[in-house]
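Peer 1: Following this message is one structure expressed as structure tokens.
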Amino acid sequence: MTSITQSATPGMQTRGGSIRAFITTWKVPISLGIFALVSLFVFALFGRSGDSHFQLSTASDFIQIPDVVIPAIPSGWFFSLVLIAGVVASVRYIRAGRSTPLWIIVIFAVIFLMAFLTWAAAGQDLPVRIPGLLIGAVGLSTPLIFGALGGVISERAGVVNVAIEGQLLAGAFVSAVVASATGQPLLGLVAAMFAGVLVSFVLAAFAIKYVVDQVIIGVVLNVLVTGITSFLYSTLLSPNAETLNTPPRFERIDIPLLSQIPLIGPVLFRQTIIVYVAYFAVALVWFALFKTRWGLRVRAVGEHPKAADTVGINVNSTRFWSVSLAGAVAGFGGAFFTLGSVGGFTKEMTAGNGFIALAAVIFGRWDPIKATLAALLFGFATNLQSVLSILGSPVPSEFMLMLPYVVTIFAVAGLVGQSRAPAASGKAYIK
């Protein structure tokens, strides 16, 4: 028996009489090596002197963890050596014809982040408040998570969802108007879902029924929704801000006992209802896609629509309703901007989050849980630039504004490695 995995550097391994050919990629170890060298030169050899202070507890935690003080230069050497060890481990996996395990990449990223924070906060009077950093990261990641889940559902069904940005923006706009007019934020959430579905209907109709290029129609929808919401904001919301653009926001809900666990409690269990729904949405989408008959049908029409059609599955109908569900999920996430964060609609307030959510789908390899982790990474990078700006980081402010997008590009281009989208994603099915 012979199995061949395609990649960039071939290797051969014999096991139990079977020949298995491996082709591995050096993309991951090279990327990790670059970051290890950056750590060695910036954080160790030419590091900043002084100590860095980290605050790990809030006033309402059960147990008060004392602040941690770390000397910058010695820790820079320690972190750099650990990162170099990670690069060596990654190289050994590649030379053995195996891909670098995800846990090595995760640990590497955490260590590099610790080294960066220690270097940036060295000699500063203000401590780095880790709970606040993580709370903000979860909040900024919430719309990305819903957008990524919508992207996973749509692409698993075979339709490329470039219109996530438009679905988020439509959800934000409609939720603000409905919640302001009714005084009921829950009605705003429902309206946001309908807005996302409406955008998805247009995407599904043109992509599935009229066989228009899915990427093109997605881009057009993003421009269309941006134009409509900007026009309505200028002509309708701005003159009537008191009645149409002052939505009540959801208050944070503290989960008894759980919210008082040090570090974890404030981050996960002192959030708004939209964030709590995100926890369940991730688990529900994963279970539905991989453990139910509906999920099997969705994945079948995304992988091999002709085979699905031969066993009686209506391919185009399944795709249409899957894209509609994806729009509802993304629209729900868009409501976070107005009902959970800002408290009112502004022009283009999604600011490219839909495209970052699409990158999270790719980085997460079309898996709901991995896409959620990718969304959390991008949200963390966005919040990190705000925190470091407050601390007075030596990194130029222009670079800090670029940080979320730099992380997105690096994650997709440098760490995603070999990944395969659903085979029929982006391909129209004509019976």
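Peer 1: Report the net charge of residues surrounding residue 360, where surrounding means a beta-carbon distance below 11 angstrom and charges are Lys +1, Arg +1, Asp -1, Glu -1. Before the final figure, lay out the partial values.
Peer 2: Details: positive: 365, 370; negative: 367.
Neighbourhood net charge equals +1.
Peer 1: Then there's this: How would the chain be classified by its alpha-carbon gyration tensor: rounded, prolate or oblate, with rounded meaning a/c under 1.5 and the a/b versus b/c comparison settling the rest?
Peer 2: Working: a/c = 1.98, a/b = 1.09, b/c = 1.81.
It is oblate, given that a/c is not under 1.5 and a/b is not larger than b/c.
Peer 1: Run the simple label-point estimate for residue 211 and residue 182 please: 7 Å along Cα→C-beta, distance reported in nm.
Peer 2: 4.1 nm
Peer 1: Can you pull the one-decimal nm distance between simple spin-label points at residue 232 and residue 311, each 7 Å off the Cα toward Cβ?
Peer 2: 4.2 nm
Peer 1: List the relative contact order of the chain as a percent without decimals, with contacts defined as Cα pairs under 8 Å and 6+ residues apart.
Peer 2: 23 percent
Peer 1: Same structure again: On a C-alpha basis, how far is the centre of region 56-78 from the centre of region 23-43 in Å? Whole number, if you could?
Peer 2: Each part reduced to its Cα centre gives a spacing of 27 Å.
Peer 1: Considering the options 383, 325, 217, tell which one lies farthest towards the positive end of the dipole of region 134-415, charges being +1 on Lys and Arg and -1 on Asp and Glu at the Cβ, about the Cα centre.
Peer 2: Final value for the positive-end residue is 325.
Peer 1: Rounding to the nearest 20 debye, state how big the charge dipole of the chain is about its Cα centre with +1 on each Lys and Arg Cβ and -1 on each Asp and Glu Cβ.
Peer 2: Value, rounded to 20: 1700 debye.
Peer 1: Next question, about the same structure. So if we plug the beta-carbon distance of residue 240 and residue 348 into 1/(1 + (r/R0)^6) with R0 = 22 Å, what FRET efficiency do we get, rounded to 0.05?
Peer 2: Once the sixth-power term is evaluated, E becomes 0.65.
Peer 1: Add +1 for every Lys or Arg and -1 for every Asp or Glu among the other residues with Cβ under 11 Å from the Cβ of residue 60, and state the total.
Peer 2: -1
Peer 1: Related question: Grab the Cα-Cα distance for residue 88 and residue 69, subtract it from 0.36 nm times how many residues apart they are, and report the gain in nm with one decimal.
Peer 2: Using 0.36 nm per residue and subtracting the Cα-Cα distance, I get 3.9 nm.
Peer 1: If you don't mind, there's one more thing I want to ask. Choose one of 195, 145, 315: the residue whose Cα lies farthest towards the positive end of the charge dipole of region 134-415 (beta-carbon charges +1 Lys, Arg; -1 Asp, Glu; about the Cα centre).
Peer 2: 315
Peer 1: What longest region of the chain stays clear of chymotrypsin sites (Phe, Trp or Tyr not before Pro) that DSSP places outside H, G, I, E and B and that have at most 13 other Cβ atoms within 10 Å? Please list the in-between numbers first.
Peer 2: Details: sites that count: 46, 62, 210.
Longest site-free region, per DSSP loop and neighbour criteria: 211-431.
Peer 1: Treating cross-link reach as a plain straight distance, find the lysines whose alpha-carbon is under 20 Å from the alpha-carbon of residue 27, omitting any fewer than eight places away in the same chain.
Peer 2: The qualifying lysines are 370.
Peer 1: Oh, and also: With Cβ to Cβ distances under 13 Å as the rule, what net charge do the other residues near residue 309 carry (K, R +1; D, E -1)?
Peer 2: +3
Peer 1: Here's another thing I want to ask about it. When only DSSP loop residues count, what GluC sites (Glu not before Pro) in region 158-265 have their Cβ near at most 15 other Cβ atoms within 10 Å?
Peer 2: When the GluC sites (Glu not before Pro) of region 158-265 are filtered for loop state and at most 15 Cβ neighbours within 10 Å, 251 remain.
Peer 1: List the aspartates and glutamates whose alpha-carbon lies under 13 Å from that of residue 427, not counting same-chain residues fewer than 8 positions away?
Peer 2: Output for residue 427: 155, 213, 303.
Every number here is computed from the coordinates shown, using simple stated rules; none is lab data. Because the structure is predicted, anything quoted here is derived from the model rather than measured. Positions of Cβ are generated from backbone atoms using ideal geometry, with glycine treated the same way; all protein chains shown enter the neighbour counts.
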